[in-house]
Amino acid sequence: DVKVTQSSRYLVKRTGEKVFLECVQDMDHENMFWYRQDPGLGLRLIYFSYDVKMKEKGDIPEGYSVSREKKERFSLILESASTNQTSMYLCASSFGNQPQHFGDGTRLSIL
Amino acid sequence: QKEVEQDPGPLSVPEGAIVSLNCTYSNSAFQYFMWYRQYSRKGPELLMYTYSSGNKEDGRFTAQVDKSSKYISLFIRDSQPSDSATYLCAMSAGWGGGGADGLTFGKGTHLIIQP
């Protein structure tokens, strides 16, 4: 089975902090994705990556950056956290034209 | 116009009933169609995956795609209380959702199966 692991289930940070969300997959997938999920808005794509050191903006990249130094790890960075970034963050990975598999999410609260 | 429309529910049915969940979409370029199940406080779990039009069956689950009507459905037979969850449809034009468009999701239907 595909295993996508997000390092934290719950996280509380303060406005202005730099926040790192980590995601690791164990299936040698080349594609990795970060989404946020909000009530009434559904899942929205923030960034994705096709390969190591490659990244592409999704629908809502503002206020976020990403890092992919190793194939199995994809990090989401909130450069200066704001309260409107309080959300559920979901990481996913996929291989070629196969469907995406998701981790269990990080519920992030910015106070 | 939103790209993918999905009734948020909640949809409440008695145990053993046949459940029908649906999504409509506007982008005729979508070719890959997926259904995910999401339990409370968990990530989405892939249930069904189809390419282009037609039906696909897996146990109690059947996925249908009608590209001419831009309409997809998920049927659950002999529904169980453990099927209570939010069901998300997802679709993409590119290869499996990994392309430049990524996956476009419906907002999910909250399903409740009453024992």
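If you go through segment B:62-82 and keep only what is in a strand (DSSP E or B) and in contact (Cβ under 8 Å) with a residue 24 or more places away in the chain, you end up with B:Ala63, B:Val65, B:Tyr71, B:Ile72, B:Ser73, B:Leu74, B:Phe75, B:Ile76. The lone criterion from (1) assigned to a strand (DSSP E or B); (2) buried (at least 20 other Cβ atoms within 10 Å of the Cβ); (3) more than 10 Å from the chain's Cα centre (by Cα); (4) modelled with pLDDT under 95 left unmet by B:Leu111 is number (4). Can you tell me which residues in segment A:73-86 are among the small types (Gly, Ala, Ser) and either open to solvent by 10 Å² or more (accessible area, probe 1.4 Å) or not in a loop (DSSP other than H, G, I, E, B) (or both)? Those that are among the small types (Gly, Ala, Ser) and either open to solvent by 10 Å² or more (accessible area, probe 1.4 Å) or not in a loop (DSSP other than H, G, I, E, B) (or both): A:Ser75, A:Ser80, A:Ser82.
Can you tell me which residue in segment A:25-65 is nearest to A:Ser75 (Cα to Cα), limited to those that are among the polar types (S, T, N, Q) and away from chain B (no Cβ under 11 Å)? Only one residue fits best here, namely A:Ser65. Based on this model, can you work out whether A:Tyr89 counts as within 14 Å of another protein chain (Cβ to nearest Cβ), open to solvent by less than 60 Å² (accessible area, probe 1.4 Å), among the hydroxyl-bearing types (Ser, Thr, Tyr) and closer than 15 Å to B:Thr104 by Cα? No: the conditions fail for A:Tyr89.
Number of residues in segment A:59-78 that are within 19 Å of A:Tyr10 (Cα to Cα) and at pLDDT below 95: the value is 0.
Per this entry, B:Leu47 is counted among residues that are under 11 Å from the mean Cα position of the chain (by Cα) and either among the hydroxyl-bearing types (Ser, Thr, Tyr) or open to solvent by 20 Å² or more (accessible area, probe 1.4 Å) (or both).
Scanning segment A:22-66 for residues that are free of Cβ contacts under 8 Å to residues at least 24 places away in the same chain, outside any loop (DSSP other than H, G, I, E, B) and not aromatic (Phe, Trp, Tyr) gives A:Gly42, A:Arg44, A:Leu45, A:Glu56, A:Lys57, A:Ser65. Filtering segment B:2-28 to residues that are open to solvent by less than 50 Å² (accessible area, probe 1.4 Å), of a type in the set (A, V, I, L, M) and over 18 Å from A:Gly40 (Cβ atoms) leaves B:Val13, B:Ala17, B:Val19, B:Leu21. Within segment B:29-38, the set of residues being polar (S, T, N, Q) and buried (at least 20 other Cβ atoms within 10 Å of the Cβ) comprises just one member, B:Gln38. Taken as a whole, the structure places B:Asp58 among residues that are among the acidic types (Asp, Glu), within 14 Å of another protein chain (Cβ to nearest Cβ) and farther than 26 Å from A:Asp38 by Cα. Of all residues in segment A:92-105, those satisfying the criterion of being facing chain B (nearest Cβ under 9 Å) and surrounded by 15 or more Cβ atoms within 10 Å (Cβ to Cβ) are A:Ala92, A:Ser94, A:Phe95, A:Asn97, A:Gln98, A:Pro99, A:Gln100, A:His101, A:Phe102, A:Gly103, A:Asp104, A:Gly105.
Scan segment B:20-37 for residues that are over 11 Å from the mean Cα position of the chain (by Cα) and either in a strand (DSSP E or B) or under 14 Å from B:Thr109 (Cβ atoms) (or both) and the total you get is 2.
The values are calculated or read from the model by the stated rules, or taken from the named source; none is laboratory data. Keep in mind that what you see is a predicted model, and the values were worked out from it rather than measured. As a convention, Cβ positions derive from the backbone with ideal geometry for all residues, glycine included, and neighbour counts pool all protein chains shown. Protein only, heavy atoms only, side chains kept; ligands, DNA and RNA dropped before computing areas. Shrake-Rupley method; radii C 1.70, N 1.55, O 1.52, S 1.80 Å.
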